[in-house]
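The values are calculated or read from the model by the stated rules, or taken from the named source; none is laboratory data. For clarity, every value in this text was computed on a predicted model and none was experimentally measured. Ideal geometry is used to build each Cβ from the backbone, glycine not excepted, and the neighbour counts take in all protein chains shown.
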Amino acid sequence: MIYEFKSRATGTVVMNKAAAEWILGVIGKQPGPTGIITVEQMPAAVEALRAAIEEEKRAIREARRESAHREDEDDERKDPDAEAIVTHAQRAWPFIEMLLEAHKGQRDITWGV
């Protein structure tokens, strides 16, 4: 399933199911075929996403420290794709920008309608 988020104040943001449902969960919205984020809900949504992103960054830093410690013990086990992971922060950034612009323009964000 693809989510297409729309607002009359911004362009469209399209996301795959996993990324969109993570974002919707963070901001307290029920994933599904249709929905709305009202102008009044946007500031709290931005703050919730920023907090979740900071938590993810902290977890990634910790995991990298642990991985570096293990690699010191066994250099041959290094995963060459470990740095290629796309984080929730990277996927959420366009949506955060959309929230900020839609709020500034006083327009709701919808999907599936």
For region 5-35, enumerate the residues that are touching a Ser or Thr at 6+ places or on another chain (Cβ under 9 Å) and exposed (fewer than 13 other Cβ atoms within 10 Å of the Cβ).
THR34
Residues in region 36-47 that are surrounded by fewer than 17 Cβ atoms within 10 Å (Cβ to Cβ) and within 16 Å of VAL113 (Cα to Cα): how many?
2
Exactly one of ILE96, ILE85 is closer than 27 Å to THR12 by Cα and at pLDDT 95 or above, and that one is ILE96
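Listed here are the residues, each with its yes/no results for (1) in a helix (DSSP H, G or I); (2) modelled with pLDDT under 85; (3) among the small types (Gly, Ala, Ser).
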{"position": "ALA19", "(1), (2), (3)": "yes, no, yes"}
{"position": "LEU24", "(1), (2), (3)": "yes, no, no"}
{"position": "ALA45", "(1), (2), (3)": "yes, no, yes"}
{"position": "ILE53", "(1), (2), (3)": "yes, no, no"}
{"position": "GLU62", "(1), (2), (3)": "yes, no, no"}
{"position": "ALA68", "(1), (2), (3)": "yes, yes, yes"}
{"position": "GLU76", "(1), (2), (3)": "yes, yes, no"}
{"position": "VAL113", "(1), (2), (3)": "no, yes, no"}
